[in-house]
1. For the range 406-435, how many residues meet the condition of being surrounded by fewer than 21 Cβ atoms within 10 Å (Cβ to Cβ) and either of a type in the set (Asp, Glu) or in a helix (DSSP H, G or I) (or both)?
2. Take the conditions in a helix (DSSP H, G or I) and either in contact (Cβ under 8 Å) with a residue 40 or more places away in the chain or not assigned by TED's automatic domain parsing to the domain that holds ILE88 (or both) and apply them to ALA241. Does it pass?
3. Checking THR64 against (1) of a type in the set (S, T, N, Q); (2) within 14 Å of ALA16 (Cβ to Cβ); (3) surrounded by fewer than 17 Cβ atoms within 10 Å (Cβ to Cβ), which single condition isn't satisfied?
4. Do we have any residue at all in the range 257-271 that's at negative phi, touching a residue at least 60 places away in the same chain (Cβ under 8 Å) and of a type in the set (S, T, N, Q)?
5. Considering ALA361, ALA393, ALA344, ALA327, which residue is within 24 Å of the chain's Cα centre (by Cα), more than 21 Å from ASN230 (Cβ to Cβ), crowded, with 18+ Cβ neighbours inside 10 Å and among the aliphatic types (A, V, I, L, M)?
6. Taking the condition aromatic (Phe, Trp, Tyr), within 19 Å of ALA211 (Cβ to Cβ) and in contact with a Lys or Arg (Cβ under 9 Å, 6 or more places away or on another chain), does PHE87 pass?
7. Can you tell me which of ALA136, ALA154, ALA96 is part of a loop (DSSP other than H, G, I, E, B) and within 30 Å of ARG283 (Cα to Cα)?
8. Which count do you get for residues in the range 63-87 that are within 24 Å of the chain's Cα centre (by Cα) and among the basic types (Lys, Arg)?
Amino acid sequence: MKIAVAGAGFVGLVHAAVMAKQGHTVILFDVNEKRIQNLNDFIEGKTEILPIHEEGLAEILRFTAKNHLLECTIDQKRAIRESTVIFIAVGTPPDAQGKADVKYVEALAEEIGKILQEYPSYKLIINKSTVPVGTAKKVKAIIQKYYQGDFDLASNPETLAEGQAVQDALRPNRIIVGVDSEKAKHIFQELYASFFPPQQEKIFFMSPESAELTKYACNTYLASQVVLTNVFANIAKKSGANWRDMAPAILADERIGRFVHPGIGFGGSCFRKDVSQLYNTSREKGNANEDSAVLQAILEQNEKQKKEIIYSLEKRYGKDFSGKIFAVWGLSFKKDTNDIRDAASLTIIPELLRNGARIQAHDPEAKIEFIEELKKQKIDLSSLNLYDEKYKATENADALLILNDWKEYRQPDLKYLKGLLKEKNIFDGKDVLNYLQMKEEDFNYFSIGRPDIIK
């Protein structure tokens, strides 16, 4: 099938690559000429730099392009004209009120309408971006201003977890489809048939409005479980209890989900944005204040949770960190990605810098993105140094702060680490080190949801 994907960001790039790998002919287009040029340079082997770090993505891009299944272009007119299915995967960043900004979706709908007016033919137009409930109707109305011919508008929200997006796309545990037309429904079945064994398709068909809301509901459920887990873990720590001992007993109740790992809050591109949008939707639709308050509480607790390490540092050193050197492992919001959006590091490190600390930081993939974001926020970087080697970042530091869960942080050489740190203090915000082992080691160890280990 001939497919066009609009938007060469995280969602669009992964989706285009994976659909091409399934044998579809895919044209990925974007108005950002530099982004497309960079992708083509990578595909052609002129550079090894890919803007998105996802395991397996590089190989798929080059394989599908070599076999003429994937093309990257800025020619949106040709991409739309030559394709039967058009996926909209442009960004919907939150505005100052936390509402999803759909201006890029609406602008693309205008262009699609104009192109179909000039080159009329049936199209299935699919919104892959996460958008507010009711967006499908708005997009359809925009297109119909220019084109009254045959087309269908559907919602098919992405369900990719960063760090494992390629595997999620290749082996989806479910596909959510909002569609009103039997013709479009059959096209979806053909599009996604190769992703499942025969007769075992997990495609959930519903109305476009239901599909749009389903994506928000899923992420809000997950976000609320992160928040509840951290609330319980905080209570456990202050009560002398150990959340790690409690978690297996809690998980034995099959009614409870498996998202019970405590830490320094959720981050990334989805959870806060989606909960914020759902909060605004609830208010706009006239839901009770109590409904909106629950969603607001999720957001507020998560922002507070990001500062748990700061509270522990203040308890040990006071609020003035002048003269202190803190090593930091982990800048991205989670392992296996270079995405720093809403990462705890963006809350913790600027505050430590403002309070006089010097920071020596390491991350396998996200150093450039982190620095660029701090520059946008006009943070003074004179007391921040980034290192390519994790142990180098710990030299002469008063403490090591672990802010994400890269695999390489899980089993450090503690004997070697002792010789590098000025003071043997570890503040583990992601619970990556073995608690029982840390009891036997000569470190002060501060974690989430468990009693501190003080030597």
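The values are calculated or read from the model by the stated rules, or taken from the named source; none is laboratory data. Treat the numbers as computed from the prediction; the structure is a model and nothing was measured. When we count neighbours, we look across all protein chains shown, and the Cβ atoms used for this are built from the backbone with ideal geometry, even at glycine.
1. Total satisfying the criteria: 13.
2. Values: in a helix (DSSP H, G or I): no; either in contact (Cβ under 8 Å) with a residue 40 or more places away in the chain or not assigned by TED's automatic domain parsing to the domain that holds ILE88 (or both): yes.
No, not satisfied.
3. (3)
4. Checked the range 257-271: at least one residue is at negative phi, touching a residue at least 60 places away in the same chain (Cβ under 8 Å) and of a type in the set (S, T, N, Q).
5. So the residue among ALA361, ALA393, ALA344, ALA327 that is within 24 Å of the chain's Cα centre (by Cα), more than 21 Å from ASN230 (Cβ to Cβ), crowded, with 18+ Cβ neighbours inside 10 Å and among the aliphatic types (A, V, I, L, M) is ALA361.
6. yes
7. That would be ALA96, the only listed residue that is part of a loop (DSSP other than H, G, I, E, B) and within 30 Å of ARG283 (Cα to Cα).
8. 0
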